[in-house]
Every structure is written in C-alpha cells, then in structure tokens.
1. Do any of Lys17/Lys270; Lys39/Lys291; Lys188/Lys259; Lys277/Lys297; Lys29/Lys291 go past 29 Å between their Cα atoms, and which?
2. What does the extension gain come out to for Asp80 and Met44, with contour length at 0.36 nm per residue minus their alpha carbon separation?
3. Can you tell which of Leu28, Ile79, Met44 lies farthest toward the positive end of the dipole of the range 1-158, using +1 and -1 charges on the Cβ of basic and acidic side chains (Lys, Arg; Asp, Glu)?
4. Loop by DSSP (not H, G, I, E, B), at most 16 other beta-carbon atoms within 10 Å: where is the longest site-free stretch of the chain for GluC sites (Glu not before Pro)?
5. Lys513 to Arg485: extension gain in nm, 0.36 nm per residue of separation minus the Cα-Cα distance?
6. Placing +1 at every Lys and Arg Cβ and -1 at every Asp and Glu Cβ, with all other atoms neutral, what dipole size does the chain have around its Cα centre, in debye to the nearest 20?
7. Percent of Cα-Cα pairs per 5 Å bin, from 0 to the last occupied bin, for the range 95-145, please list those.
8. What FRET efficiency comes out for the pair Glu219/Thr54, r = Cβ-Cβ distance, R0 = 25 Å, nearest 0.05?
Amino acid sequence: MTKYVFVTGGVVSGLGKGIVAASLGRLLKLRGYKVAAQKFDPYMNIDPGTMNPTQHGEVFVTHDGAETDLDLGHYERFIDENLTEFSNLTSGKVFWSVLNKERNGEYLGQTVQIIPHVTNEIKSFIAKNAKLTQADVMITEIGGTIGDIESQPFLEAIRQFASDVGRDNCLFIHVCLVPYISGSDEYKSKPAQHSTKELQAMGISPDIIITRSDGDCGEAIRKKIALFCSVKEDCVISNTTADCLYEVPLMLHQNGLDKVVCRELGLKNKCVLTPWKTLVKDIRSRKGVTKIAIVGKYVSLHDSYLSIVESLNHASYACHTNVEIKWIDSEEITDANAKIKLTGVQGVLVPGGFGTRGTEGMIAACRYARENDIPYLGICLGMQIAVIEFARHVANISDATSGEFEKSDSNVIDLMPDQNGKILGGTMRLGAYKCAIRPETQMARAYGSLLIEERHRHRYEFNNDFRDALTHAGLVISGTSPDGRIVETVETPYNRFFIGVQFHPEFTSRPNKPNPLFKAFVGSAKETRL
Ligand code: GLN
C-alpha cells in the first residue's frame, strides 16, 4: 500500500520546494523505502519541451523520453530513481486529455466540469504513477504558490485523493517563506500564517510546515506558527540556506523532518545516513580550483544548464577539485578574441541548444580548444559544432554547416534521410538509446565500457555522406548506434580530451555516481597547465 506525501508552497515561488521534496525522498530511501516522485505544474503548456530555457530553465529528459520540468532533475539526482512520463503533469496536459475524451464521447453526454472530470483526471494520474512504480511512498510536488488561480484544480484533486485513500495514508507538507526584517532584526511568521489559512480554506490542513529562511528563524517563531496554524510543534521544521544543495537532506534530518513524516505515516524503518554523510564530506574536502568555460546562448539564466552544472559538480567531488564556471555568451566570442575570453580556462564545454544564433561563437571556442589542446566536451549541439569546426578547419570543407542553420551542399549535420519532409514536432529523437563504443578511444577510456546508454533530445544528426571525408581527415567516430548507422560520438586522435556526444550525459549524473564522461572531462581539465 503506497503512502502519499503532497508538497505545496506558500508566500512566494522559488522557495526550493523541489529540493525539499527531493531531500525527503532521499531520506526515506536511506530508511530503505522505495520512493517515487512526481510534479504538477499548473501552467497551460502541455509540457515544458517548447518553453524558452531563459524563462523556464532547462528541459529535463527522462529515460523514457518525456520532456519535463527541471525539478525532476533534482528528484533523479537526490533519489536516484529513473522517473517516467507519469512524473510530470501540467494543466495543459490535463485539459488536453479531458477535452479529447469529451470529443470522443467518453463522457456520454454529461456536462464536463472541473469537478469531477478535471480533478478525476489528476487523481488517476497520481494513482497510475503509484501503481506503475509500486512505491512505498510517493511524493507529489504541486508547482506554483498557494493562491494561484491555475493551481486550484490540483489542490482540490489532492484534497479529494486524501479522503479517497484515507487521511492516515497521506501527508501534506507546506513550505513557506519566513522573511527576515533587518530594521527590527526579527523573523516574521505572518506570511506563513496567511498562506496556511489560504490552504486550509481549500480544505487542506497541512501536517508539516517547513519554514524557509536564510538563517534560523528560532524556536519562538516555530512555536507561534504551530499554534496559529494548528500543526504539532515538532512538525514545524526549519529549512535554512545551505552552502551546497546536497547538505539539505542532512539539515532536514537534523531538524526532524523524516522522523515526523514516518511517525505520521506509520512507517517504522531506521535511517542510515552514512552514505550521504560520506558524500557531503567529499564535497567539503575538495582542494584547488578547475576553471571550466560553458559557451552557450542561454547563459543569462544559469538554470538553462542546471543538469550540466550539477554534473560538473558531481565530477568535481570525485576528482577532489572545485569547479569554477566561467559563463561565456556564445554571441560574444570570435576567433579574434577567443584567446582573451578563454584565458585561464582549463576546459571548454559547449552544451545543447537550438537555432543558429551564437553558433559561430561556439565554433570559435571549439577551434581554440582543439588547437590549444584544452579539454573540450561538446554535448548535442556542442557535438555538431565540433563536427562543423573539424570539417571547416581540418577537412577543408570551408563552408561546412548544419542543415538547422542553412540548407547547403555542405550540411555535415543534417536530418536523416527518413526524417526529411516531416513536421518538426514528430521528429525529435527523445529518451535513452544504446551506443556502441569503439575500443581504445577517449570514449572507451572515459566509460570503461563498450556499450552504454544515454538520453537524447535533438532532431539533427551527423550526416553519413561526409563520414569518409571526415574520418580520412582524422576525425575518430568513437561511438555509434549498435547497428553502426548513426554516429553518436566523435573525437580527435591527437588531443588529450576532445569529445563530442550527440546525447546528453548530464541527465544520468548523480552526486555520488558522477557520469563517467563528466568525470573524465573534469579530471583532464584539472591536469591542464596554462
Ligand atoms: N539543435 C540541435 C538538433 O536539433 C541540437 C539539439 C540539442 O542540442 N539538444 O539536433
């Protein structure tokens, strides 16, 4: 029988509800429970796949190919369970499904309404994920802030769900901001009280309130919140700003979160914190700095590259170095200024992206890295950039480009022949695919294995028409689809580390299990002497 935890947020957005949900998931896993997580996003997009990364942050791709909210990346990194397409639900997806059923006559002529039709759709999504995952505990985060119009059907659905499965099997956690007023040097509980009252007016009485503040808001404030919000005193848990995300589970444990969650849900296992403590010890004992440049076009919002940043961090724990990121806007780098822009940089990473803007700058950064033997990791678009750069400057295909930027006879990157002519929406390669690695390559050394599986999210591919020309010029095709047809990874034979991968290794990196490619990249960058 699955137990359900629902996490809501109050007062302001951006409180780190996702980190709380993910941290609780890890703590329950450390107690030996099977944990699943899902997120409800009240916006109207069907999924975040088409949203601008500089507005919404990165799109996190699951193993089964769903394009989801970046919070799911936190769940996977903290809980270390592969999530599925049933892990992210938006209002758009709910309405889409209800309206399709209505058009198909599935409601048998009834008046279709928010309650019960939309709420039933949401409830069945929760139940479906519980059944699919067979989790002991399923954590559901409701995006947005209490009081938002869009989130109301989701709140009504979880209220009903709790009475359907029994209140003993459900727990409501409300994460609230507790602001600090510097003039009077005190923390204030009133916003938390108001937002809890608003939640209670929707029929949901939180069992646990998490106070989010920079410093400790103090026992007196917690007691006051408990009294005014009808929550047990030990169920008001303090969540202060931590130096590193991965310290949050330990902090919440120390403040009693998993203890009260288990007590309220009737779960008995003990918590074994040792593996997580070891991780935090490794994080804190790093020495020295390795400087890595990320050259992309969405650098104005670092969340656009969240999983890449986290993967670099994970690798830095294993390589016992601190990674310092230099953000470089690819529209601002050229062959002429690359040396200045990349001064002091020990590794260059060109991440994924869409469209033409900024790609010439990425090519300039890639060229500088290759010619100066600075470790280069090209991810998805970054791999395509490496192929174009190599074609132009080594294989003498001076007008080499991608079919995404310009249609020409020198599209070294292009749609596969069977993709041509199809509408854009249907042609993305999404989710995990196997990749066969050629022995004795940089890739083979990095992964220590000749068959790997990584997640994809792209439309264009290496154009096989140029395979001979590029390999004759020295490009090494170090990874392909198992049938050899699709080029998945390329590298040069003479650089210490120069790899482009068509997939996204950042989605499988975990704090205590860094992705091998990132680990090899950071390890190699650490050795760069400037
Ligand atoms: N725009 C490129 C493509 O569609 C790369 C996509 C990416 O980097 N995720 O193939």
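1. Pairs exceeding 29 Å: Lys39/Lys291; Lys277/Lys297; Lys29/Lys291.
2. 10.1 nm
3. Towards the positive end, the residue furthest out is Leu28.
4. It works out to 151-405.
5. Length difference between fully extended and current span is 7.1 nm.
6. On the way: 59 positive and 63 negative charges, 327 e Å.
With Lys and Arg at +1 and Asp and Glu at -1, about 1580 debye.
7. In order of increasing distance, the bins hold 4, 17, 22, 20, 16, 12, 8, 1 percent.
8. 0.05
Read the figures in this text as sums done on the coordinates, not as results from a lab. Note that the structure is predicted; figures quoted are calculated from it, not measured. A quick note on method: Cβ atoms are made from the backbone with ideal geometry, for glycine too, and the neighbour counts reach across all protein chains shown.
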